[in-house]
Amino acid sequence: MKLHHIGYAVKSIEKSEKAFKALGYETEGKTVDDLRRNVRIKFITLEDNVVELIEPMNEKSPVCNLLKKNGAIPYHLCYEVENIADKITELKKNGFILISGIGPAPAIDGYPVAFMYGAEIGVIELLSKK
C-alpha cells in the first residue's frame, strides 16, 4: 500500500485553502461535488504531500458531526492498493470494519474507493487505480 493523500475535514474549502496556501500548498484541479457522499472535495499539494479538503454539502455528510465536535481536523488516510476487493478481505480478517462499500470517487477520475475503520487507527480509504 502507498499513501495517496490525507483527507482533511473542513467547514469551508475556500477558507481552508487560503490557510494551506500560506503554508506553501498549491491548488490541484477544481472543487468536485461528491453527491454519493454529500461532500465537496478539493485537492491541494505541497511537493509530494497531497491533502484532500472535504467540506460537507449538507447534514447527511459523513464529516458533519466530526466538524461540529472537533472543528477542522485530519479525517482519514487514503492508501492506493493493487486490488481493492482483496485488500478489504485482508483487512476484515485483521479486525477492520467496512463502513462504505466500493464506489467511484468523482474527485479521483471515478476510480473505485472504499472506506474502512480500524479501532486503533480510525478511518482509512482504499483507492484502486487499476
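Once the other residues with Cβ under 14 Å from the Cβ of Gly101 are scored (Lys, Arg +1; Asp, Glu -1), what is the net sum? Net of charged neighbours comes to +3. The angle between the Cα long axis of helix 13-22 and the longest principal axis of the Cα atoms of the chain comes to about 80 degrees, rounded to the nearest 10.
Here the extension length gained between Asn65 and Ile97 equals 9.6 nm, from 0.36 nm per residue of separation less the Cα-Cα distance.
Can you classify the chain as rounded, prolate or oblate using the Cα gyration tensor, where a ≥ b ≥ c are the square roots of its eigenvalues, rounded means a/c under 1.5, and otherwise it's prolate if a/b beats b/c and oblate if not? Prolate is the answer for the chain, as a/c is 1.5 or above and a/b outweighs b/c.
Distant-in-sequence amide contacts of Ser100, defined by a placed amide H-H separation under 5 Å and a gap of 5 or more residues or a different chain, comprise Phe115.
Taking a sphere under 15 Å around the Cβ of Pro62 and counting the other residues whose Cβ falls inside, with K and R at +1 and D and E at -1, yields a net charge of +1.
For Tyr79, nonlocal amide neighbours, meaning residues 5 or more places apart or on other chains whose placed amide H falls under 5 Å from its own, are His4, Glu125, Leu126, Leu127.
Between Glu14 and Tyr111, the simple spin-label model (points 7 angstrom out along Cα→Cβ) gives 3.0 nm.
Between Lys21 and Leu3, the distance separating the two model label sites (each 7 Å from Cα on the Cα→Cβ line) works out to 2.5 nm. Rounded to the nearest percent, how much of the accessible area of segment 35-130 (1.4 Å probe, protein heavy atoms only) is carbon and sulfur? That fraction is 50 percent. Placing unit charges on the Cβ atoms only, positive for Lys and Arg and negative for Asp and Glu, gives segment 1-91 a dipole magnitude near 560 debye about its Cα centre. In segment 1-122, if the dipole is taken from +1 on Lys/Arg beta carbons and -1 on Asp/Glu beta carbons about the Cα centre, which of Val81, Tyr25, Ser100 is farthest to the positive end? Looking along the dipole axis, the top candidate is Ser100. Ranked by the mean number of other Cβ atoms within 10 Å of their residues, highest first, the peptides 111-120, 1-10 fall in the order 1-10, 111-120. The mean accessible area for residues of the chain, using a 1.4 Å probe and ignoring ligands and nucleic acids, is 59 Å² per residue. Each residue of segment 25-35 was assigned a 3J(HN,Hα) from its phi angle through the Karplus expression (A = 6.51, B = -1.76, C = 1.60, θ = phi - 60°), giving 6, 10, 6, 10, x, 10, 6, 10, 8, 10, 5 Hz with x at Gly and Pro.
The values are calculated or read from the model by the stated rules, or taken from the named source; none is laboratory data. Worth saying up front: this structure is predicted, and the values here are computed from it rather than measured. Neighbour counts are summed over all protein chains in view; Cβ atoms, including those assigned to glycine, are modelled from backbone coordinates with ideal geometry. Heavy atoms of the whole protein, side chains included, go into the accessibility calculation; ligands, DNA and RNA do not. Shrake-Rupley method; radii C 1.70, N 1.55, O 1.52, S 1.80 Å.
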